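Okay, so here's the structure we're looking at.
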Amino acid sequence: MSINIKDYPLLLNGELITTEQSIKVINPANEEVIATCSKASEKELNLAVKSAKKSQEFWAKTEIGEKQEVLHKIAEVIKGNSQEIARIITLEQGKTFVDAQGEVQFAEAFCEYFANQSLTKEVLKDDESSNIEIHRVPLGVVAAIAPWNFPFLIAVYKTAPAILMGNSIILKPAPTTPISTCFFGELIQPIVPKGLINIITDENELGPIITQHPDIAKISFTGSTATGKKVAENSGSTLTRLTLELGGNDPAIIMKDAQPSKIAQDLFSSSMNNSGQICAAIKRLYVHQDIYEEMCNELKQIADNIVVGDGFEQGIDLGPLQNKEQYEKVKGYIQEAKQKGNIISGGDIPEGPGYFIPITLVKDIKDGAKLVDEEQFGPILPIIKYDDIDEVINIANSSNYGLGASVWGENIKKATEVAMKLEAGSVWVNQHAAIGPDIPLSGAKESGLGVEWGEEGLKEFTQLKILNVKK
């Protein structure tokens with residue numbers, strides 16, 4: 001399937017510009033070039049920072065109602081172009097068109113949510129001696145670096161709270177999925193103030209410059225833990241404010257009293273949506289030995305009927321992995337699984353073009369295998385047997401990751417008690433990755449720093465200022 005615009009420009013200082021260099025964008029379903037976009041150099045980056053800094057100076061003084069109105073307009077233009085945005089997402093990211101439509105709808109919902117939010121001053125003390133107030137003021141220029149699993153959604157949900165709080169923003173999408181963000185730039189160019197939102201692209205050359213730039217006040221990064229550590233290290237010289245939403249190896253513990261037939265579909269979806277390319281997906285499934293075989297059989301029945309293919313084709317449930325590097329990584333996990341576990345569904349990589357990995361379930365595997373210990377970020381799930389709840393809690397907590405976790409069982413009180421013992425920023429009971437713009441998201445341990453979404457996420461885009469007046 002073709003797209004309307006072959007070459008996508010950058011959005012810099014309110015203008016759509018084309019540069020001398022470009023990035024080729026590959027369709028992961030057939031490995032063909034489907035579009036190009038202009039590639040920024042350090043020159044364009046500096047222009048973006050300069051224009052963002054200038055724009056932010058007046059934007060910080062703008063009334064909150066005007067800021068909210070801009071976000072409402074952005075939400076409207078997203079809704080009005082939802083089909084084209086979804087088509088672009090499927091082309092560059094690989095997910096099914098239905099899932100791409102869902103991503104666009106979620107982006108619109110995030111934008112509308114923040115368009116209706118604000119932060120007001122808090123009076124900490126007001127007596128005869130003093131008046132003490134807590135204020136939240138803008139930081140300045142925000143740089144947002146997004147990954148390739150939800151390229152459009154993440155671009156939007158970083159932009160909305162940043163500009164609502166009086167900041168300007170520079171968006172840098174992943175090199176393999178830049179065109180939905182560039183198209184976003186085309187859509188918003190007529191409706192946002194000049195220089196408030198800038199969009200640049202690269203092939204990972206500009207990251208170190210961004211993280212050390214003296215005029216960038218905050219970096220909001222979503223991506224791997226390894227890259228997040230580099231962002232933190234590089235930004236140390238300027239003490240740039242950071243929000244890092246990093247990797248996860250989320251465990252799900254299935255209690256002895258759980259009913260496999262009742263929860264199998266939710267477990268499957270929570271691990272395999274977006275072909276497993278979700279940071280907070282279930283990536284380790286610990287099942288009590290009394291229901292282990294039944295749980296494996298229920299999941300196998302679902303997996304055996306899932307169709308993987310081109311996201312535009314009818315009857316396709318899941319698309320390919322997004323890029324070749326991740327494809328090769330997941331292939332390696334499957335090879336290990338054949339040696340250290342028992343593959344009960346999938347496992348055979350199809351020949352031909354496209355980064356297609358079949359849904360793969362692995363039983364009789366243990367902690368210590370890379371598939372269990374590492375973040376696989378693909379449609380392959382290890383199912384591990386346990387018999388002692390305290391032991392499995394310790395095993396689940398032994399990971400360096402701590403993004404999310406879940407506990408599943410009929411006795412909600414007992415499941416909640418277990419949930420409270422798990423070391424993760426978000427822990428769910430009888431569900432997983434139940435997220436929304438009004439629910440804060442924060443990673444523990446090596447899964448991140450700071451908070452996204454909700455009121456706590458809004459505050460991340462501000463500087464705390466205490467006004468203390470002696471009477």
Mind checking whether some residue in segment 295-303 is more than 26 Å from K329 (Cβ to Cβ) and in a strand (DSSP E or B)? no
Qualifying position, being of a type outside the set (G, A, S), touching an Asp or Glu at 6+ places or on another chain (Cβ under 8 Å) and in a loop (DSSP other than H, G, I, E, B), among I278, I306: I306
Would you say E128 is part of a helix (DSSP H, G or I) and either closer than 21 Å to I219 by Cα or of a type outside the set (S, T, Y) (or both)? no
Residues located in segment 368-394, provided they are open to solvent by 30 Å² or more (accessible area, probe 1.4 Å) and either among the basic types (K, R) or more than 26 Å from the chain's Cα centre (by Cα) (or both): G368, K370, K385, D387, D388, I389, D390, E391, N394
If we keep only residues of segment 430-443 that are over 14 Å from the mean Cα position of the chain (by Cα) and buried (at least 18 other Cβ atoms within 10 Å of the Cβ), then the residue farthest from N131 (Cα to Cα) is N430
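So how many residues does segment 183-198 have that are open to solvent by less than 10 Å² (accessible area, probe 1.4 Å) and either at pLDDT below 95 or touching a helix residue (DSSP H, G or I) at 6+ places or on another chain (Cβ under 9 Å) (or both)? Reasoning before the result, please.
Going residue by residue through segment 183-198, those that are open to solvent by less than 10 Å² (accessible area, probe 1.4 Å) are 184-185, 188, 195-198.
The next check asks that each one be either at pLDDT below 95 or touching a helix residue (DSSP H, G or I) at 6+ places or on another chain (Cβ under 9 Å) (or both); those that pass are 184, 188, 195-198.
The qualifying residues number 6.
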Looking at segment 396-415, which of its residues are of a type in the set (A, V, I, L, M, F, W, C), open to solvent by less than 50 Å² (accessible area, probe 1.4 Å) and out of contact with any Lys or Arg (no Cβ under 8 Å at 6 or more places or on another chain)? L403, A405, V407, W408, A415
Could you please find all residues in segment 264-296 being touching a residue at least 24 places away in the same chain (Cβ under 8 Å) and more than 25 Å from the chain's Cα centre (by Cα)? V287, H288, Q289, D290, I291, Y292, E294, M295, C296
Being in a loop (DSSP other than H, G, I, E, B), out of contact with any Asp or Glu (no Cβ under 6 Å at 6 or more places or on another chain) and under 21 Å from S235 (Cβ atoms) is the filter here, so list the residues in segment 426-471 that pass it. S442, G443, E446, S447, E460, F461
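In segment 311-327, which residues are part of a loop (DSSP other than H, G, I, E, B), touching a Ser or Thr at 6+ places or on another chain (Cβ under 9 Å) and either polar (S, T, N, Q) or open to solvent by 10 Å² or more (accessible area, probe 1.4 Å) (or both)?
First pass over segment 311-327, keeping only residues part of a loop (DSSP other than H, G, I, E, B): 311-317, 319-323.
Filter once more, keeping what is touching a Ser or Thr at 6+ places or on another chain (Cβ under 9 Å): 311-313, 316-317, 319-323.
F312, E313, I316, D317, Q322, N323 - these are the residues of segment 311-327 that are part of a loop (DSSP other than H, G, I, E, B), touching a Ser or Thr at 6+ places or on another chain (Cβ under 9 Å) and either polar (S, T, N, Q) or open to solvent by 10 Å² or more (accessible area, probe 1.4 Å) (or both).
Look at V330 and say whether it is touching a Pro at 6+ places or on another chain (Cβ under 7 Å) and surrounded by 20 or more Cβ atoms within 10 Å (Cβ to Cβ).
Values: touching a Pro at 6+ places or on another chain (Cβ under 7 Å): no; surrounded by 20 or more Cβ atoms within 10 Å (Cβ to Cβ): yes.
Against the criterion (touching a Pro at 6+ places or on another chain (Cβ under 7 Å) and surrounded by 20 or more Cβ atoms within 10 Å (Cβ to Cβ)), V330 does not qualify.
The values are calculated or read from the model by the stated rules, or taken from the named source; none is laboratory data. Since the structure is predicted, the reported quantities are computational estimates derived from the model, not experimental observations. With ideal geometry, Cβ positions are generated from the backbone for all residues, glycine too; neighbour counts draw on all protein chains shown. The area values use the complete protein model at the heavy-atom level, side chains included, leaving out ligands, DNA and RNA. Shrake-Rupley method; radii C 1.70, N 1.55, O 1.52, S 1.80 Å.
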